[in-house]
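*Asks:* Below are the structure tokens for one structure; questions will follow.
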Amino acid sequence: MQFKSVKRILFPLIKGGQEWQNININGEDEKPKCYLSDVQWFLLIISILVIFKLKNGISKDLVGYIMSAFSISVSLFMSLLVSIFDKFENTDLSISGKNEEHIVRLKQKKNFFKRFISITSYLVILSIFIIILCSLNYLFNLSLEANYKNITLDYNKIDIKLTVKFSLLIIYRIILNYFLLNYLFLTLFVTSSAYEYYISEINRRKIH
């Protein structure tokens with residue numbers, strides 16, 4: 001029963017977090033042509049290139065630091081979500097007696113809250129997912145050296161078991177690298193978005 005409840009909430013949360021990455025505060029949808037944005041495709045390419053540099057993957061010591069950092073980030077983002085929602089609850093969104101410019105600003109404010117809360121919630125889920133991925137390093141031996149010189153196209157020399165193991169290891173490292181970089185990107189994205197909105201609101205208020 002609890003799993004069904006989590007599943008029912010989790011998928012819309014992830015979907016909302018992904019959708020609001022491409023929606024501005026005016027409610028305009030700016031979907032990327034190829035699912036990921038240009039920056040995220042670049043991060044994916046970097047994630048692939050990194051595995052050639054770090055042939056043994058990320059060290060267990062660094063993995064431990066990453067897990068600790070992301071555990072802290074979950075708590076911080078959860079506190080931030082509560083704070084932002086309290087701020088939203090105290091925001092007057094009534095349009096009665098308001099002019100067109102003020103109504104537009106109210107819509108932007110509401111969209112900002114929806115965007116900020118959606119992406120921040122998505123970052124919490126992403127943090128938990130990264131912690132789970134990192135924990136696999138302690139359950140399995142994932143520090144094996146990826147020796148690409150042993151790759152062959154000769155069918156007779158292919159070791160199926162070793163090939164499957166090697167492929168899964170490479171996929172795991174690419175996924176972990178990408179989600180780490182994407183987390184950093186989304187954190188910068190939501191921070192810069194908040195800064196841009198706050199500054200625009202401050203600039204609109206004139207000193208009397």
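*Asks:* Compute, for the chain, the length of the dipole vector about the Cα centre, with Cβ point charges of +1 (Lys, Arg) and -1 (Asp, Glu) only. Units Debye, rounded to 20.
*Replies:* Once rounded to the nearest 20, the dipole reads 280 debye.
*Asks:* Which residue fluctuates most in the GNM of the chain (Cα springs below 10 Å): Y198, Y178, Y122?
*Replies:* Y198
*Asks:* Let me ask you something else. Classify the range 37-140: rounded, prolate or oblate, from the alpha-carbon gyration tensor (a ≥ b ≥ c, eigenvalue square roots; a/c under 1.5 rounded; otherwise prolate if a/b is larger than b/c)?
*Replies:* It is oblate, given that a/c is not under 1.5 and a/b is not larger than b/c.
*Asks:* In µm²/s, what is D for the chain at 4 °C and 1.567 mPa s, where D = kT/(6 pi eta Rh) by Stokes-Einstein and Rh is the Kirkwood radius from Cα pairs?
*Replies:* The Stokes-Einstein estimate is 64 µm²/s.
*Asks:* What pairs in K87/K107; K15/K165; K31/K60; K15/K55; K110/K206; K33/K98 have C-alpha atoms more than 27 Å from each other?
*Replies:* Going by Cα-Cα distance, K15/K165; K31/K60; K15/K55; K33/K98 fall outside the 27 Å limit.
*Asks:* When we measure straight from the Cα of K109, which aspartates and glutamates land under 17 angstrom away, once same-chain ones fewer than 8 places off are left out?
*Replies:* E28, D29, D86, E89, D92, E100, E101, E196, E201
*Asks:* In a GNM of the chain with a 10 Å cut-off on Cα contacts, which of I130, I66, I95 has the highest mean-square fluctuation?
*Replies:* I95
*Asks:* Now for a separate question. Could you give the length gained on full extension between I128 and K60, defined as 0.36 nm per residue of separation minus the Cα-Cα distance, in nm?
*Replies:* Once the chain is fully extended between I128 and K60, it gains 22.7 nm.
*Asks:* Roughly how many Å is it from the Cα centre of the range 164-190 to that of the range 60-97, as a whole number?
*Replies:* The range 164-190 and the range 60-97 have Cα centres separated by 22 Å.
*Asks:* Please list, ordered by chain and number, the residues whose modelled amide H lies under 5 Å from the amide H of I23; skip anything fewer than 5 residues away on the same chain.
*Replies:* Residues meeting the amide H criterion: E30.
*Asks:* What value, in deg cm²/dmol to 500, does the helix sum -39500 (n - 2.57) over DSSP H runs of n ≥ 4 give at 222 nm once divided by the residues of the chain?
*Replies:* -26000 deg cm²/dmol
*Asks:* Over the chain, with a Gaussian network built from C-alpha contacts below 10 Å, which listed residue (R105, R115, R173) shows the highest mean-square fluctuation?
*Replies:* Of R105, R115, R173, the most mobile in the Gaussian network model is R105.
*Asks:* What shape does the range 30-92 have by the C-alpha gyration tensor, where a ≥ b ≥ c are the square roots of the eigenvalues, rounded means a/c under 1.5, and otherwise prolate means a/b greater than b/c and oblate the rest?
*Replies:* Because a/c hits 1.5 or more and a/b fails to exceed b/c, the range 30-92 counts as oblate.
Read the figures in this text as sums done on the coordinates, not as results from a lab. Just so it is clear, the structure is predicted and the values come from calculations on it, not from any experiment. Using ideal geometry, Cβ is built from the backbone for each residue, glycine included, and neighbour counts are taken over all protein chains shown.
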